[in-house]
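These notes concern the structure reproduced below.
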Amino acid sequence: MSKDHFQLTRVTALPDYRLGLSYADGHSFEVDLREWIATTVPLRPLQDAALFAQAKVGFAGRTVEWIEDALDLGADNLRNLALEQAGGIGHERIWNWLHDTGMTPDQAARALGISRRMLIYYRDGEKPIPRAIWLACLGWEAVRPTDDSLPRTIPTAREYAALHA
């Protein structure tokens, strides 16, 4: 299986701690790293604008690298962040939702009314997550159905609290 969507072909350091990213699947993104740099101790060296400007494509196009084997960021994480900053839904949300619910991909696909294959495309970032699918994940989380029947009402605040206790 090709993971071109996570393979970088070009990285450009931009002003204000932003990166221009081009991926092998033809998509390009801009990502703002100011918050990550300010709040993540290992990234603090990147506050040096001269070092930040040295960003380059790292090993096999899977990272953005500043200091070889010492300071880099994964291309998949950067793409996820760029999608989120642009108002999209990053694939890591599906990973986290699966982890939080404890569901297998088969169970999650059934709960969402989609094929297992499509769920895995979303989870692996191979296809963009439609807003309706993410809203269905949130809805499932809110009602936590215990069987295959769909709820007919939204839980009250008390019922919601009990479900999440």
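The values are calculated or read from the model by the stated rules, or taken from the named source; none is laboratory data. All of these numbers come straight from a predicted model, not from anything done at the bench. Backbone-built Cβ (ideal geometry, glycine too); neighbour counts: all protein chains shown.
Give the residue that is nearest to residue 127 (Cα to Cα), with candidates limited to residues of region 64-91 that are β-branched (Val, Ile, Thr) and surrounded by fewer than 21 Cβ atoms within 10 Å (Cβ to Cβ). Walk me through it before giving the result.
As a first pass, look at region 64-91 and keep what is β-branched (Val, Ile, Thr): 64, 67, 89.
Checking which are surrounded by fewer than 21 Cβ atoms within 10 Å (Cβ to Cβ) leaves us with 67, 89.
Details: 67: 32, 89: 11 Å.
Selected residue: 89.
If a residue must be outside any strand (DSSP E or B) and under 22 Å from residue 125 (Cα atoms), how many such residues does region 8-27 contain?
Just the residues of region 8-27 that are outside any strand (DSSP E or B), to begin with: 15-17, 24-27.
Subset that is under 22 Å from residue 125 (Cα atoms): 24-27.
Number satisfying all stated conditions: 4.
Taking the stated definitions as given, is residue 50 more than 20 Å from the chain's Cα centre (by Cα) and modelled with pLDDT under 95?
no
For region 57-78, check the following and say yes or no: at least one residue is polar (S, T, N, Q), part of a helix (DSSP H, G or I) and in the same structural domain as residue 14 (by TED's automatic domain parsing). Even if it seems obvious, please write down each step before you answer.
First, pick out the residues of region 57-78 that are polar (S, T, N, Q): 63, 77.
Next, from what is left, pick out any that are part of a helix (DSSP H, G or I): 77.
Those still in the list that are in the same structural domain as residue 14 (by TED's automatic domain parsing) too: 77.
Yes, region 57-78 has at least one match.
Only one of these is β-branched (Val, Ile, Thr) and closer than 23 Å to residue 29 by Cβ: 153, 63. Name it. Explain how you work it out, then say what you get.
Details: 153 fails: closer than 23 Å to residue 29 by Cβ.
Exactly one residue qualifies, and that residue is 63.
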Going through region 100-119 in order, the residues found to be in a loop (DSSP other than H, G, I, E, B) and modelled with pLDDT of 95 or more are 114, 115
Checked against (1) surrounded by 15 or more Cβ atoms within 10 Å (Cβ to Cβ); (2) in contact with an Asp or Glu (Cβ under 8 Å, 6 or more places away or on another chain); (3) more than 30 Å from residue 12 (Cα to Cα), residue 100 satisfies every condition except (1)
The lone condition residue 124 fails out of (1) touching a helix residue (DSSP H, G or I) at 6+ places or on another chain (Cβ under 8 Å); (2) charged (D, E, K, R); (3) closer than 29 Å to residue 32 by Cβ; (4) surrounded by 13 or more Cβ atoms within 10 Å (Cβ to Cβ) is (1)
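Quick one: is residue 53 in contact with a strand residue (DSSP E or B) (Cβ under 6 Å, 6 or more places away or on another chain) and surrounded by fewer than 15 Cβ atoms within 10 Å (Cβ to Cβ)? Before the answer, list the steps.
Working: in contact with a strand residue (DSSP E or B) (Cβ under 6 Å, 6 or more places away or on another chain): yes; surrounded by fewer than 15 Cβ atoms within 10 Å (Cβ to Cβ): yes.
It is true that residue 53 is in contact with a strand residue (DSSP E or B) (Cβ under 6 Å, 6 or more places away or on another chain) and surrounded by fewer than 15 Cβ atoms within 10 Å (Cβ to Cβ).
Output the number of residues of region 87-136 satisfying the condition of being of a type in the set (Lys, Arg) and touching a Lys or Arg at 6+ places or on another chain (Cβ under 7 Å). Break it down into steps so the answer makes sense when it comes.
Taking region 87-136 first, the residues of a type in the set (Lys, Arg) are 93, 110, 116-117, 123, 127, 131.
Cutting the leftovers down to touching a Lys or Arg at 6+ places or on another chain (Cβ under 7 Å) gives us none.
Number of matching residues: 0.
Tally the residues that are outside any loop (DSSP other than H, G, I, E, B), within 23 Å of residue 17 (Cα to Cα) and not aliphatic (A, V, I, L, M), restricting the search to region 81-99.
Filtering region 81-99 down to residues outside any loop (DSSP other than H, G, I, E, B) leaves 81-85, 92-99.
Within this subset, residues satisfying the condition of being within 23 Å of residue 17 (Cα to Cα) are 81-85, 92.
From the residues that got through so far, the ones that are not aliphatic (A, V, I, L, M) too are 84-85, 92.
Residues in region 81-99 being outside any loop (DSSP other than H, G, I, E, B), within 23 Å of residue 17 (Cα to Cα) and not aliphatic (A, V, I, L, M): 3 in total.
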Only one of (1) assigned to a helix (DSSP H, G or I); (2) in contact with a Phe, Trp or Tyr (Cβ under 6 Å, 6 or more places away or on another chain); (3) outside the structural domain of residue 12 (by TED's automatic domain parsing); (4) in contact (Cβ under 8 Å) with a residue 40 or more places away in the chain does not apply to residue 129, and that is (1)
